[in-house]
Structure formats: structure tokens, C-alpha cells
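Peer 1: Before I ask anything, here is the structure I am working with.
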Amino acid sequence: MGGKFIHLYDAEQVVLSTLHSGFRFDTRAFASRNSVKKLRRNRQPPEIVADIPPTKDDYVQDENSASSFENSVYQNSTINPSRSTVLQACTITSGLIAALGIILRQVSHVASVEGLPILDCSAEVSFGFEMWHLELITGIVVLISSSRYLLLKTWPDFAESSEAANQQVLASLQILDYIIVAFLPGISEELLFRGALLPLFGFNWKSVFLVAAIFGVLHVGSGRKYSFAIWATFVGLVYGYATIMSSSLIVPMASHAINNLVGGILWRYTSKSSEKL
């Protein structure tokens, strides 16, 4: 009996332990299932972000940002020379051009006196002045200034070239400085081109066209394109014609200097870039 009781007791312990283990397993499984269900209930559905195409305002903002960036880069990259630099360069360049013109005139005079077949520049184009020259100068100034104004309004490439040249030379100057940068180049260039080269090349219509072409080509650069060279060639033809008519250097010198001054003043008070100065 004792042995059987022990075996029955052992069997009961095994059953109880098995039931207890199964109960713990079922409890854990039930808890796990409840946790999964709870997580499923608490889980938020993922937000769906619609692929909205950019609007017109977005494009405008991007273009404005790009434009502002380009303008800032352009302003930082284009630095105009200082006032003293411009005046110094103008004075030195004009002095060298005038010196070359004087030398050529003197050499031609000496060569002519020595009997060489060279025209005396001083005799062909003098510094004489007569009252009717005032009318000629006035007509030239009106013709060239009005033609320049019309071209600035109708020829974009010429307007761009003129703007670049004026911005580089005139932007840092005061209004009274315009007299210097207008008269020094006007006087020195005419002394060389119409006072020396024009008589040396024959003092006729062929020499007028040749000197005007050289004058035009030398005006290319520093932001000035070939459109500006065409304009300078036309101006050179007018000054050459006036020189042959008057046989006086005063006429092209005065016309050139006054036209430079008028052009500078018009740029200062009409150009958008000059308004920022």
C-alpha cells in the first residue's frame, strides 16, 4: 500500500506540475496575444504625403531667388575703377596721343621743307578759326548727339556697348570731372587722327574713310562691341568731313569734346545704372 500510495502521489504531482506549467504557458500566450492586439489597435496608420506639384508662385520665388543671386554676383564681380584711377588714365592716355600727333605734324613739316613728297600737316590743317565755324560745330553736335540718342533707343547691342563703356569710365566721377574726360580725349584724338593722319594719307575723301575706319576699330574693347566701332567710324567720317571743309583743327576738336560732354551728361541723368550712384 505504501508503495502504491507513493506512486499515486507522484502521479498527482506530475499531473499538477503539468497543469501548472500548461497554465503558465497559456497565460503567457494569452498575454502575448493581448499585447499584439493592443499594439494593432494603437498603431497609427502611416501618413500619406501627396506628391503635390509646384505651383506658379513656387516658380516665381525660385526665379526671384536666382535673379537676386545673379545680381549680387554681378555686382561683386564688376568693380568700377576709382575716380583717381580714371582721371589719371585719361590724362596719361590723352597726353601720349597728343604727343604722337604733335610729333607726326612736326616730322611732316620738316620732311616737306626738305623737299620730300609728304604733305605738311601744319599747313593743310591749321588752328585757324572763323565765325562760320561756329555754325559747323553746332550742326555737328546736333547731328551726332541726336543720332546717338536714336541708336540708344533702337539698337540694343549699341546701347549695351555704350552702357558698359560709360559705366566703366563715368560711374566713379563727379559731374565736373566730365569736362576733363570729355575735352582731353576729344582734343588729343583729333590732333592725332584729323590733325596728323588725315593730311599724311592725302587729305582727301579716301583718307577720310581710311582714318575713320582706323578710328572706329580702335574703339573696340573695354565692354564696347563692334556696334560701337561702327558708330565711331561714322563719327570719324563726320569729323573728317568737317576738317576738310574748314581746314581747321578747332572744328573737329570742339565738336568731339562737346559731343563727349553731352553724351556723358545724358548718361548720368537718363541711365538706370547711374541712378544708383
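Peer 1: Assess whether V208 counts as being under 17 Å from V125 (Cα atoms) and without any contact (Cβ under 8 Å) to a residue 40 or more places away in the chain.
Peer 2: Details: under 17 Å from V125 (Cα atoms): yes; without any contact (Cβ under 8 Å) to a residue 40 or more places away in the chain: yes.
Spelling it out, V208 is indeed under 17 Å from V125 (Cα atoms) and without any contact (Cβ under 8 Å) to a residue 40 or more places away in the chain.
Peer 1: If you don't mind, another one. For the range 138-153, does any single residue satisfy the condition of being closer than 30 Å to S108 by Cα, in contact (Cβ under 8 Å) with a residue 40 or more places away in the chain and touching a helix residue (DSSP H, G or I) at 6+ places or on another chain (Cβ under 8 Å)? Write out each step before concluding.
Peer 2: Within the range 138-153, the first condition is being closer than 30 Å to S108 by Cα, and the residues that meet it are 140.
When the remaining residues are screened for being in contact (Cβ under 8 Å) with a residue 40 or more places away in the chain, the result is 140.
Pick out the ones that are also touching a helix residue (DSSP H, G or I) at 6+ places or on another chain (Cβ under 8 Å) and you get 140.
Within the range 138-153 (the criterion being closer than 30 Å to S108 by Cα, in contact (Cβ under 8 Å) with a residue 40 or more places away in the chain and touching a helix residue (DSSP H, G or I) at 6+ places or on another chain (Cβ under 8 Å)), the answer is yes, since at least one residue qualifies.
Peer 1: For the range 227-277, which positions are among the aromatic types (F, W, Y) and either in contact with a Phe, Trp or Tyr (Cβ under 9 Å, 6 or more places away or on another chain) or more than 14 Å from R148 (Cβ to Cβ) (or both)?
Peer 2: Scanning the range 227-277 gives F228, W231, Y239, Y241, Y269.
Peer 1: Now, a different point. Go through the range 214-224 residue by residue and tally those that are touching a Phe, Trp or Tyr at 6+ places or on another chain (Cβ under 8 Å) and touching a residue at least 24 places away in the same chain (Cβ under 8 Å).
Peer 2: Residues flagged as touching a Phe, Trp or Tyr at 6+ places or on another chain (Cβ under 8 Å) and touching a residue at least 24 places away in the same chain (Cβ under 8 Å) within the range 214-224 amount to 1.
Peer 1: Now for a different question. In the range 223-275, which residues are outside any helix (DSSP H, G or I) and either at pLDDT 95 or above or in contact with a helix residue (DSSP H, G or I) (Cβ under 7 Å, 6 or more places away or on another chain) (or both)? Write out each step before concluding.
Peer 2: Filtering the range 223-275 down to residues outside any helix (DSSP H, G or I) leaves 223-225, 247-249, 271-272.
G223, R224, K225, S247, S248, L249, S271, listed by residue number.
Peer 1: Continuing with the same structure: What is the number of the single condition among (1) of a type in the set (S, T, Y); (2) surrounded by fewer than 17 Cβ atoms within 10 Å (Cβ to Cβ); (3) over 19 Å from Y178 (Cα atoms) that T233 does not meet?
Peer 2: Tallying (1) of a type in the set (S, T, Y); (2) surrounded by fewer than 17 Cβ atoms within 10 Å (Cβ to Cβ); (3) over 19 Å from Y178 (Cα atoms), T233 fails exactly one: (2).
The values are calculated or read from the model by the stated rules, or taken from the named source; none is laboratory data. Computed from a predicted model, the values in this text were never measured in an experiment. Glycine gets a Cβ as well: all are built from the backbone with ideal geometry, and neighbour counts include every protein chain shown.
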